[in-house]
Amino acid sequence: MAGRGKKGGKGAEDLGRALIRQQNRAAAAAKERGEALASSSRRRAPPLESVIDVSEIDAVLQRAAEEDRLHSALAAAASASSSDLIIDLDATGETAEERRRLRKEQEALHANSLGVPRRPPWTNRMTAEELDTSERQAFLEWRRNLARLEENDKLVLTPFEKNIDIWRQLWRVIERSDLLVMVVDARDPLFYRCPDLEVYAKELDEHKRTMLLVNKADLLPLNIRKIWADYFKEHDILHVFWSAKAATATLEGKMSSGEQGSASPDMDTKISGREELLMRLQAEAKSIAAQRRTSAMAKHVVAGFVGYPNVGKSSTINALVGEKKTGVTHTPGKTKHFQTLIISEELMLCDCPGLVFPSFSSSRHEMVSCGVLPIDRMTKHREAIQVVADRVPRDVLEQIYKITLPKPKPYEPQSRPPTAAELLRAYCASRGHVSHGGLPDETRAARQILKDYIDGKIPHYELPPGVVTDDEVETRESTVAAAEGPTASAVDESGSDDSDEQDDMTGGPDMRQLLSDLESFDLAASEGSNATGKKKQHQASQKQHRKPQRKKDRSWRASNDGSDGTAVVRDFQKPTVSHPTVSVDGNV
């Protein structure tokens with residue numbers, strides 16, 4: 001029994017050791033798998049992100065790595081093209097109008113150099129490494145050409161997409177599409193249109209066509225839509241007015257199917273519904289495919305959607321599909337990769353990530369106010385708000401936000417738009433937005449105003465080049481009258497004043513207003529320092545035996561008598577009349 005017990009104890013001990021060894025081996029294997037997983041995640045490519053500014057450290061490092069990798073292949077090309085650099089050394093004294101005219105001439109001269117990057121030719125026999133090297137070489141050469149344009153002082157290049165992986169998504173979408181649909185904002189279609197993208201599509205296939213999908217058309221009045229429709233027809237631009245928001249509301253039952261386009265019986269200005277747009281896309285794509293192919297047609301025709309960020313591509317795709325297939329946010333750049341969606345047995349949609357194309361015509365602040373660049377990344381909020389203040393009339397802003405903006409001074413043009421500081425401070429005062437230091441929280445106010453501007457809460461729109469409405473004519477006439485009228489009217493109103501006041505106030509109402517502004521400024525300063533003022537007043541009241549002050553006579557000084565500015569020498573004799581001494585309490 002005892003031996004049997006020892007034997008059982010020894011077997012249990014061996015079993016325990018075996019279990020420990022098995023556990024140790026499992027732990028070691030798990031550790032090896034973890035290390036392998038960690039190393040593979042480190043080798044994994046970073047997520048696809050849009051890079052607009054080269055100042056970002058990631059973009060700088062990525063560009064340096066690409067330059068390092070392709071330095072040997074591009075050394076000869078770089079040395080050959082170094083002599084073509086455009087350096088503007090002309091530093092003459094030019095007026096603002098002359099600089100603007102020269103800048104327009106330079107923009108027209110280099111308009112052909114400002115295009116989208118082309119994908120280099122490729123074949124099926126090329127390896128993935130060869131294709132990657134070829135595409136990076138072409139992309140870097142495109143970047144160099146744009147860098148040469150930026151070296152010209154008369155040209156100002158706006159931010160544009162600098163990540164080659166985003167442009168690769170565009171290349172694939174254009175190659176696969178029969179019909180290229182460029183989504184633009186109806187409030188300023190030409191700002192979001194890229195003509196060189198249409199040229200690139202024609203270079204790939206002469207039968208490809210580009211359709212301008214004018215989204216958010218419900219934010220435009222009917223007469224403005226008619227003006228834009230005439231402009232598109234005059235320039236042979238295939239276009240469709242559309243509202244993704246209205247189409248989504250119709251799908252959700254919040255709007256009747258005929259409500260969004262019932263205001264316009266004209267087909268050129270009518271806002272198309274979901275079914276009408278799908279039929280139009282399918283018909284155009286089929287027509288292009290029939291012209292291209294002589295053999296049996298493919299099962300699906302493809303309509304590719306491209307354009308700037310935050311113009312409504314993803315919202316349009318979701319409305320056409322009938323359900324949420326792509327993410328939609330206010331922040332531009334939500335879509336990272338292109339995706340294909342089958343609508344029917346004959347039509348397939350292809351959604352491309354939003355791209356910021358290089359251009360001369362816009363500014364960075366304008367791109368922030370239009371939603372192309374993220375609002376949360378802006379560093380100078382007043383400049384972006386000034387774009388809104390310049391485009392939206394003063395009374396519209398006051399009516400929307402229930403605020404009262406400061407009126408222009410009499411010596412300022414009466415038709416001038418409000419400044420960004422005036423708009424932000426009035427908004428903060430009405431909403432109670434105050435920062436930690438007790439000052440108006442202008443950053444918070446700027447973000448809210450810009451979001452309202454992008455969403456359409458603040459109505460605004462642009463007109464085609466050369467088109468002037470009756471309202472703009474009246475505005476320009478009132479601007480001219482305001483610039484020329486105050487001088488004559490001020491003379492007429494001041495005719496009843498005393499001659500002494502006219503001699504002293506040579507500037508008329510302008511000088512009076514300046515003096516009143518200075519007095520109000522001094523009054524505000526004195527009110528802001530009440531504690532200091534009260535302390536000084538208390539000290540002055542304690543000095544009852546203050547030494548009388550002698551009033552200084554400065555009548556001997558030379559006055560502004562209209563001379564040529566040379567020094568005037570005059571004899572001065574001290575008056576013999578003694579001035580009475582005045583005590584502090586006013587007794588003589």
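If you check residue 453 against the conditions, is it assigned to a helix (DSSP H, G or I) and modelled with pLDDT of 50 or more?
Considered against the rule, which asks whether it is assigned to a helix (DSSP H, G or I) and modelled with pLDDT of 50 or more, residue 453 comes out as yes.
So, residue 246, is that one modelled with pLDDT under 95, closer than 18 Å to residue 349 by Cα and outside any loop (DSSP other than H, G, I, E, B) or not?
So residue 246 does not fit the description; no.
Looking at (1) assigned to a strand (DSSP E or B); (2) touching a Pro at 6+ places or on another chain (Cβ under 8 Å), which one does residue 181 not meet, given that it meets all the others?
If we test residue 181 against (1) assigned to a strand (DSSP E or B); (2) touching a Pro at 6+ places or on another chain (Cβ under 8 Å), just (2) comes out false.
Which pairs do you get when a residue that is more than 15 Å from residue 184 (Cβ to Cβ), found in region 451-465, comes within reach of a residue that is exposed (fewer than 15 other Cβ atoms within 10 Å of the Cβ) and among the acidic types (Asp, Glu), reach meaning Cβ atoms under 6 angstrom, with the pair 6+ apart or on two chains?
Final answer for the pair search is 458/452.
Between 144, 225, which is open to solvent by less than 40 Å² (accessible area, probe 1.4 Å) and not in a loop (DSSP other than H, G, I, E, B)?
Step by step, each of 144, 225 is checked, and only 225 is open to solvent by less than 40 Å² (accessible area, probe 1.4 Å) and not in a loop (DSSP other than H, G, I, E, B).
Among all residue pairs at least 6 apart or on different chains, which show Cβ distances below 7 Å where the first residue, located in region 117-129, is touching a residue at least 24 places away in the same chain (Cβ under 8 Å) and the second is not charged (D, E, K, R)?
So the pair list comes out as 117/138; 117/139; 117/142; 117/167; 118/138; 118/200; 119/171.
Check off (1) within 29 Å of residue 194 (Cβ to Cβ); (2) open to solvent by less than 70 Å² (accessible area, probe 1.4 Å); (3) part of a loop (DSSP other than H, G, I, E, B); (4) not charged (D, E, K, R) for residue 379 and give me the number that stays unchecked.
(2)
Go through region 238-249 and report how many residues are free of Cβ contacts under 8 Å to residues at least 60 places away in the same chain, crowded, with 19+ Cβ neighbours inside 10 Å and either of a type in the set (S, T, N, Q) or closer than 16 Å to residue 288 by Cβ (or both).
Going through region 238-249 one residue at a time, the tally reaches 2.
Starting from region 202-231, keep only residues that are without any contact (Cβ under 8 Å) to a residue 24 or more places away in the chain, then list their pairs with residues that are open to solvent by less than 40 Å² (accessible area, probe 1.4 Å) whose Cβ atoms are within a distance under 8 Å, requiring at least 6 positions of separation or different chains.
Taking only residues 6 or more apart or on different chains, the pairs are 202/208.
The values are calculated or read from the model by the stated rules, or taken from the named source; none is laboratory data. Please read these numbers as outputs of a predicted model, since none were measured by experiment. Positions of Cβ are generated from backbone atoms using ideal geometry, with glycine treated the same way; all protein chains shown enter the neighbour counts. With ligands, DNA and RNA removed, areas are computed over all heavy atoms of the protein, side chains included. Shrake-Rupley method; radii C 1.70, N 1.55, O 1.52, S 1.80 Å.
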